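Just so it is clear, none of the values below were taken in a lab; they were calculated from the coordinates. Note that this is a predicted model, so its numbers are computed, not measured. FYI the Cβ positions are ideal-geometry reconstructions off the backbone, even for glycines, and counts take in every protein chain you see.
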Amino acid sequence: MDLSLMAMHTATMLEAAVRGKGKGKAKGPKASTLLVLDAGLSGGVSLAIDAARLRAAGVARIAALGQAPALVSADADADADADADVLVVLRPAAAQTRQLAAWLSGEHARLAGRLPSVRVLFAPHRTLLCDAILRQGLASAGQVRVAVGVLALDGVVLDAHVASLDVAHDGPVADRRAVHQAARTVLKLQLLHGLIPAIVGKGPRARAMAALVLRMRRELEANPLLDLDALDALDANSAANPHPPVAAVPAKVPVPANNIFPLKSDFDSLIILDRTVDLVTPLCTQLTYEGLVDEVFGISTSFVQVNESFISQPPSTLPSASSSSSTAATAATATTTTAALASASSTKTKKVALNPATDRIFAQLRDLNFSMVGAVLSQNARRIQEEIDASFPCTCKRS
């Protein structure tokens, strides 16, 4: 199933969050919004919406939460460089919330109370713990006005047919939060692609998720004008009964009489697997190219953090080609290799995107067994060399 509709919905939601309700910041030619992103959400946001669309919505600068720049007050003399609005998008985690409170308190003291308008959006949900931490962290700063809301970034589309709920959960109710977030994502998919005729699964959490999906669907059928954010109250109700009986989940889902959902469905069935029913599979080593990259480096929302030396080796670390003797060349090679390995830990890491839509080589290698990767790379190298030879034929004559 193509997830392009879900990707468009996420991009539209992010654009509306940047613009704000009724502010119309993007009407003028100047962009005045500082967008501060949590490091764990930057990859998903970059996949959901491109930089040009964010600039059109009014974003002037984008910064990470841990490296947020100094704010320029809207009351400052340099009105051209003033930040009229600050939008912070972060995960509902205690560490990130304390970091945000410390940064806002420091900027409030530095600007002598002339802090620009600040909006904080927790993605994908908002917790009482984060609200308390933010309120206590800003209490020492005095009158700091911060508008707190929720950005329902439930699922991030990684590929044309792959979506992920790559959001870290914090607190004792992490399992129920994950089930609730997955249920919301499934409900959004049904609003975009039609009803799921059959839901099957295995495990207690799979049963709880299926029951929650059906309950959310009944809520929307009873009140078509109900916002999806209002369905967050169901999480508190489901917490009292996280594992409903099997009879609560029918094998066939009844079709509603109204037209809330599309009449034509793109689904055949939904299979939900609880991770607790299969604890052996995560212990197995992945043997595909993409799987080994995930095992060694770790892939997060189609991005991987690798050492810069793996991507581009500095010329100073390469062995010299004009060595006077083979012994000297071997010694130089060993010295440079040792120096490169010794400095590898101090080299900065770089984020690399693994996007099969733009990288044709990765699209060919991602699902192949690692034993076949060398042959495919060799074929591509020969093809590229043949294209270069055909484009730039050699006219020199050999003696």
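Points to keep in mind about this one:
- Stretch gain in nm, segment Asp367-Leu192, where the contour uses 0.36 nm per residue and the Cα spacing is subtracted: 60.1 nm
- Mean Cβ count within 10 Å, highest first, over the residues of peptides 124-135, 264-275, 289-300: 124-135, 289-300, 264-275
- Estimated inter-spin distance, Ser4 and Asp389, nm [label 7 Å along Cα→Cβ]: 4.0 nm
- The calculated FRET efficiency for Asn355 paired with Phe267, based on their beta-carbon distance and R0 = 25 Å, is about 0.45.
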